[in-house]
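The values are calculated or read from the model by the stated rules, or taken from the named source; none is laboratory data. Predicted model only: the values in this text are computed from it and were never measured. Cβ placement follows ideal geometry from the backbone for every residue including glycine, while neighbour counts extend to all protein chains displayed.
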Amino acid sequence: MGRYIHGHKYFLTIVDDHSRFLWIILLKSKAEVANHVKSFIIMIQNQFHVTPKFITSDNGPEFMLSEFYASLGILHQKSCVETPQQNACVERKHQHILNVGRALLFQSKLPSSYWSYVILHAVFLINRITTPILQNHSPFQVLYNKLPDISSFKVFGCLCYASSLQVHRTKLHPRARKSIFLGYKSGYKGYTLLDMHARDIFISRHVIFHEHILPYPCNPDSITSQREYFSSPPTTSHSPPSDVDHIPPPIIDDPPFESSLPNNDTSSPILSVPTRQSTRTSNTPTYLQDYVCNNIHASLYPITNYISHNKLADQHSFFVLSLHSNPEPKSFTEANKFDCWKQAMQADLSALESTSTWKLVDVPEHVKPMVVNGSTGSNILLMVQLKDTKQDLCKRIQPDRGT
């Protein structure tokens, strides 16, 4: 791998053959592998109270720890030269890590010098994503026998603001640091962040995320500049971002340009150029021939050909059909066309009369009748149409003071 900002050049991939759980160890040199393998086996013995039975690796000399393996009763299995398929589990996981890491790197637009944070975050996601190999369980669930906490999942490379420490600020200093999310740190209950102004990496717990914004400027010469996943403004500068956010210059309305040449012909008319209209016939694309587009009059696939009421019960079928035969009216004129709504209105009026809730009286001559939907005072004016006389009579309905 490329050189890392902390000096790491390689990473060691360790896979549990049972749970497919991944561990990644960053290395500055391959000579560190032996010590990390010993430390890892001691960690497994202490945390899970088991000792590995087999260790499978390639023929790298950094894995030749015969005396250490023999002291613990571990069998070391080595693959043949140029035969990676004999160590297929780790080789496939290695490709899986690189595929996810490249996707995160392209999306976040981070430079390749941050590859180690990309790899660590990719492994964090892989360990918590379900896989059909484990009966749709995640490696984390199989290893720890509990569901992973996904509430802390954030978009890699997104914009965030971390609360600044009180010892490093004064009354006029900002209370938050504009940063980029780089993942999680093992052993910490916090987030790993990159300060966009100070260019340093720190860990903070009190962070506010804006996951829809990827603030890192894109280098036009890099391969990631050709992939725009979010609506972030493009950047054409090759220099690193400055400490001050880029503010677009204000738009100044210039006065209209006045020609210094004398205008002798003041009466010449202005010729208007007609707008050109295309005469090309528009045809439906071939990939839309199987779809119904902008067809409001008829359909190639009417729903009546595919839905039937034959299997419905009689009462249920009557109810479904009544929804279409008796739509709910929007006005009295529409309601008066249906006998069912006439009966409903008459039943409501009869109920009011039988309970002596209202008294019907004639409208006085000095009162102008009007139709209202509610009452704000003591009286309500209601328009009633009598079907016998076919005349519209206005009645004043007054509340019965005795009820």
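What to note about this one:
- If you check 105, 72, 65 for being out of contact with any strand residue (DSSP E or B) (no Cβ under 9 Å at 6 or more places or on another chain), of a type in the set (A, V, I, L, M, F, W, C) and within 23 Å of residue 32 (Cα to Cα), only one passes: 72.
- For residue 299, the conditions (1) surrounded by 10 or more Cβ atoms within 10 Å (Cβ to Cβ); (2) modelled with pLDDT of 75 or more are fulfilled apart from (2).
- Test: residue in the stretch 77-86 that is surrounded by 11 or more Cβ atoms within 10 Å (Cβ to Cβ), under 40 Å from the mean Cα position of the chain (by Cα) and under 27 Å from residue 146 (Cα atoms): no
- Those residues of the stretch 44-63 which are free of Cβ contacts under 8 Å to residues at least 24 places away in the same chain, assigned to a helix (DSSP H, G or I) and under 16 Å from residue 13 (Cβ atoms), in sequence order: 44
- Boolean, residue 146 is surrounded by fewer than 10 Cβ atoms within 10 Å (Cβ to Cβ) and either of a type in the set (Lys, Arg) or modelled with pLDDT under 90 (or both): yes
- Strands (runs of 3 or more DSSP E) fully within the stretch 105-197 counting 1 or more residues that are closer than 15 Å to residue 207 by Cα and among the charged types (D, E, K, R): 176-184, 191-195
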